[in-house]
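Q: Sharing a structure, written as structure tokens. Questions coming.
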């Protein structure tokens, strides 16, 4: 019993810390933290969890993710009980500049990935577990603390399904079933059988416990540890606000810090708290993943004679560069024969993971992989990446290193129609801090940019085209991010036409037709939309009297607006051709004309601008 | 047996139509259509489905949604077999200008809602079923055809869970378990027990059948019809490509139309097809929902003495305007005490639906409600609307009439930190065809704009602020969409400052400080971001030497870029203050200063621009 006594004392200390820190902050989620205090104290200090707090990056550390990110006071308090955060630091909770933010972010050294948008933690954990089992081949385990309310998020069931499919027995979820959501009881209250039946039907081992019995808690972790072949879900009956009688199981206490007077009463109830005790965390075995030596890259081999779809070049590139970037992992959502990630899959099947039609989980898993040092390349149709915008949004707050590829960009995909057309993806990916947004127009530039993406840190988005387009660059051409290519220029250029992807080729065709009419345009391939080549555009603005941007994308948030933002202080009119009409089925060329982003539309606009004042 | 014989003949005719139309189109998904032909023929012509094809809008029609939208050839062929589409029209499949698009859109009169992005149909059906049961109180039933691959989308499980919660026994799903996805076998192949166990655990009645036995099919619909208290899922074992031996159950035929020679062989196998037969559809009872007479609105009552958060004004507005707009339905995702939709809930509980933490389903349900003539108002944190971007994207292709409210906009929410901050929502909602994007700065304008949103057709987005802000408008002020308010102006204005929401108040404070320094700025409240008041901005550009936009939103795709797009042909420099640094926890004012979108930042920028050439 002695072990449990110490653990219960640690849990009490953690409760104390959760309460005082939120009262000091004047906000936060103490009741959501209190319900899981025993579960977490038992995990971290009861021998199950193996972690070296002085080396949080150790590759064989177990991983703990708070999917219920609002229980951040609990998270920080755990580490304080481990002796790695002082009480003084705890009192900086939620203050400007403190690493102890309202929801855990990677500013805090023990946060595995920033959370706070519910229902995302299990996918992140899945990514880390995939890494342990199939890539690093290390025995570390991943634990994810889940709230009951957030189990209504479909993303959790995606993660559950796919974790079972991959037999991730190194992944353990813990549902803190405390009955109360933000504004009242959850759908199932304390009926644990509902969770048990569902989770079980998704192929997980389930262990139902009293979430405040340290004996049952420790037993559950032990059983989870020894379960083979399937992931494990511990389903714990808990009480929101456990430890403070006037909060316990009461509605109205979600996201509510105790006032000073209330805190006084709460601490009286907690009783004597020994703030000097500290918990020991078991250390992991000092195992390292095998590292492969990077090898030389094969040459690119495209010829101007054979048009190639940039989506195909993406697949080729993945396969070509892997020997140099052996931390790469490729994920796809059931469309690998369309995105051509299958080319990589065929060559390196051990590093390809089918993620099925579940894009949210795919992105969350990519975040988990990225946090464990891998370089995930994530692909599906550009339109379907919108399915995971919240996960993509959250990744930017986790210092993520994820490369996204959205294929089937624009109306030019043709007959499949609007549901399959990516028309807002440039806007979506531009609106992420520090993202890189690339839109290569040919196979050579695609290969080079995919390689650059692997080389650089951060979120990169590459947009690819469905149809084949001419190879227009030599294989030793360089494509610096933030650069552009001036493909046609002269001193007589009246208008600069800025295109990318499919419209770059429309612009080149327009050039020929205009030239035959005695009108010269500068044609710029804006393969790097963010960051954007301001210098080249400013140079063009010195010579020409107007600019036209042309994009197979909606008018808002895309190339046109990106160019205008960059050229805000330059005195030149900028006209944007973009998709402004309801898209529909049709042949690619018909649709480009209909949306007035085709060669003919460019010619018309350029003529109009050339003739104007 | 006679009935079944006719049905089987109709199914054969439908197969014929699916094959010839896709071969004519040169693309499309015949194999995915063939697997469900018997299921759909049995539904539509076997007596279960009640629909008046001459009055597709009849409020008591049953509803059929193809969640597996790529089976559109089947969908159109069904209606051809009903005599409502000619074979000639079928041959226009996927052609530019034809209502028979690659995936069903509302351009085709029998499409309930545009689909094609998988995993969205069940939520749309849920919305229609909610309408039938709780609002229109009509006995019509909603049927959703589902693919097996798309069952991995978490959104389907959100819909399943919430349909069971609301005991929607008027909702029937049919899973076409044909084993093969896009690039190979699904996770479970033909193991129907997996689907059965999971669906059952989510509270649905399950009926497992042979999807090619007309007897079993009809029996399933009959059983579904008589099931009470829970929704029903028919789980049908089918064969992809059923009816054409060389396609049946073969990989590699997804999304692949038969070539002419292959079609010839396929038609030979089908045998004699009587293209003159037509199926009868049972008619619905001619019942109408009760219509309430619109009643007069109460007056707005805010005073300049009491600041009010615009999020609270949103809730007040919903409750105030409902008597006039009695087709309103309010949906929220577990945060009604934060978005203040709870104010409506308290007054009109029958028209409020808690949608729990499942935003994707909430938006899909809203689309379903909108298609049935209701006016859904959908709210959650602005940041969490990104969870449903794919559903929002698809809604624009369905002529949707949905009003979205995103609360907790920007860094000014304070201590909760980045995960809760809406910083990309303006960009997201701008990138939808024909959307209206509104960002009221005070309670009066919020109320007026919510009322306008209810009055107009289409997708409207209203962004609200967490903190209380001063009431700055009189209650009889008008706020036309596409307008703006010039709050401070003079002939000596050197700089125009364009703000909205929280930054409008920062701009007003900056005005005072600058005035005391002898610098005059024009202050414009851009409450209508899309459409945007070009006229007023052009007018300001005549007087001032520069413009500053200031927004609590990322720089990309927001107010700054919207203004620049509208002012593309006006010669004035436009500087944008926006969120450009990693957001974090802190007090609202600290964060506004840190991100340089505060009063002080505006003052600095205005001084700099006033003094420059």
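Q: Based on the Cβ-Cβ distance of residue A:215 and residue B:589, what FRET efficiency does E = 1/(1 + (r/R0)^6) give at R0 = 56 Å, to the nearest 0.05?
A: Working: r = 49 Å, r/R0 = 0.87.
With a Förster radius of 56 Å, E is 0.70.
Q: Average the reciprocal distances over every distinct pair of alpha-carbons in chain A, invert the result, and give the Kirkwood radius in Å. Each step should come with its number before you reach the end.
A: Numbers: mean 1/r = 0.0385 Å⁻¹.
About 26.0 Å, per the Kirkwood formula over Cα pairs.
Q: Once every Cα of segment B:137-275 carries one equal point scatterer and solvent is ignored, give the base-10 log of I(q)/I(0) from the Debye formula at q = 0.09, 0.19 Å⁻¹, two decimals.
A: Debye output, listed in q order: -0.33, -1.09.
Q: Would you mind ranking A:438, B:487 so that the residue whose beta carbon has the fewest other beta carbons within 10 Å leads the list?
A: Details: A:438 28, B:487 18.
With the fewest neighbours first, A:438, B:487 line up as B:487, A:438.
Q: Then there's this: Taking the Cα-to-Cβ direction at residue A:608 and at residue B:57 and moving 7 Å from each Cα, how far apart do the two end points lie in nm?
A: Rounded to a tenth, the inter-label distance reads 3.5 nm.
Q: Oh, and also: Based on the Kirkwood radius over alpha-carbon pairs, what is the Stokes-Einstein translational diffusion coefficient of the protein assembly as shown at 37 °C with 0.692 mPa s viscosity, in µm²/s? Spell out each step's value before the answer.
A: On the way: Rh = 31.0 Å.
Translational diffusion coefficient: 106 µm²/s.
Q: Taking neighbour Cβ counts within 10 Å as the exposure measure, how do B:7, B:122 sort from fewest upward?
A: Values: B:7 23, B:122 33.
Neighbour counts put them in this order, fewest first: B:7, B:122.
Q: What do you get for the angle between helix A:599-611 and the principal long axis of chain A? Use alpha-carbon atoms, 0 to 90 degrees, nearest ten.
A: 70 degrees
Q: As a test of understanding, state the convex hull volume per residue of segment B:3-270 from its alpha carbons, in Å³. Let's see the in-between values first.
A: Numbers: hull volume 29.2 nm³, N = 268.
Taking the convex hull of the Cα positions in segment B:3-270, it is 109 Å³ per residue.
Q: Rounded to two decimals, what is the ratio between the C-alpha radius of gyration of segment B:485-610 and 2.2 N^0.38 Å? Mind dumping the intermediate values first?
A: Details: Rg = 13.4 Å, N = 126, 2.2 N^0.38 = 13.8 Å.
Here the answer is 0.97, to two decimals.
Q: I'd like the FRET efficiency for residue B:87 and residue B:251, computed as 1/(1 + (r/R0)^6) with the beta carbon distance as r and R0 of 30 Å, rounded to 0.05. It would help to have the intermediate numbers written out before the result.
A: Details: r = 31 Å, r/R0 = 1.02.
The value I calculate is 0.45.
Q: For segment B:113-156, state the semi-axes of the equivalent ellipsoid (square roots of 5 times the eigenvalues of the alpha-carbon gyration tensor), sorted largest first and rounded to whole angstrom. If you can, show how the numbers build up before the last one.
A: Working: eigenvalues 104, 16, 15 Å².
Equivalent ellipsoid semi-axes, largest first: 23, 9, 9 Å.
Q: Continuing with this model, one more query. What angle, in degrees between 0 and 90 and rounded to the nearest 10, separates the Cα long axis of helix B:192-201 from the longest principal axis of the Cα atoms of chain B?
A: The helix B:192-201 is inclined about 50 degrees to chain B.
Q: Taking a label point 7 Å from Cα toward Cβ, how far is residue A:52 from its twins in the other copies, in nm, shortest first?
A: When each copy's label point is compared with this one, the spacings are 7.6 nm.
Q: Can you give me the distance in nm between label points at residue B:287 and residue B:109, each placed 7 Å from the Cα along the Cα-to-Cβ direction?
A: Distance between the two pseudo-spin positions: 2.6 nm.
Q: List the distances, in nm to one decimal, from the label point of residue B:298 to the label points of the same position in every other copy, shortest first, placing each label point 7 Å from Cα along the Cα-to-Cβ direction.
A: 7.3
Q: By counting other Cβ atoms within 10 Å of each Cβ, how are A:190, A:70, A:212 ranked from fewest to most? Before the final figure, lay out the partial values.
A: On the way: A:190 16, A:70 26, A:212 19.
Lowest count first: A:190, A:212, A:70.
Q: Output, in nm with one decimal and in ascending order, the distances from the residue B:287 label point to the matching label points of the other copies (7 Å from Cα along Cα-to-Cβ).
A: Between copies, matching label points for residue B:287 lie 6.3 nm apart.
Q: As I understand it, the value is the acute angle between the Cα axis of helix B:214-226 and the longest principal axis of the Cα atoms of chain B; what does it come to in degrees, rounded to 10?
A: With rounding to tens, the tilt is 50 degrees.
Q: Given N residues in segment B:308-469, what is its alpha carbon radius of gyration divided by 2.2 N^0.38 Å?
A: Working: Rg = 13.8 Å, N = 162, 2.2 N^0.38 = 15.2 Å.
Against the empirical 2.2 N^0.38 Å value, I get 0.91 for segment B:308-469.
Q: While we're looking at this one, here's another question. Run lengths n ≥ 4 of DSSP H only: what is the helix-derived mean residue ellipticity at 222 nm for chain A, with -39500 (n - 2.57) per run over all residues, to the nearest 500? All intermediate terms of the calculation are to be shown ahead of the outcome.
A: Working: 23 runs with 226 residues, N = 613.
That calculation yields -11000 deg cm²/dmol at 222 nm.
Just so you know, all these numbers are worked out from the coordinates, no wet-lab data involved. These numbers were taken from a predicted model, which means no experiment stands behind them. In this analysis, Cβ positions are derived from the backbone assuming ideal geometry, glycine residues included, and neighbour counts consider all displayed protein chains.
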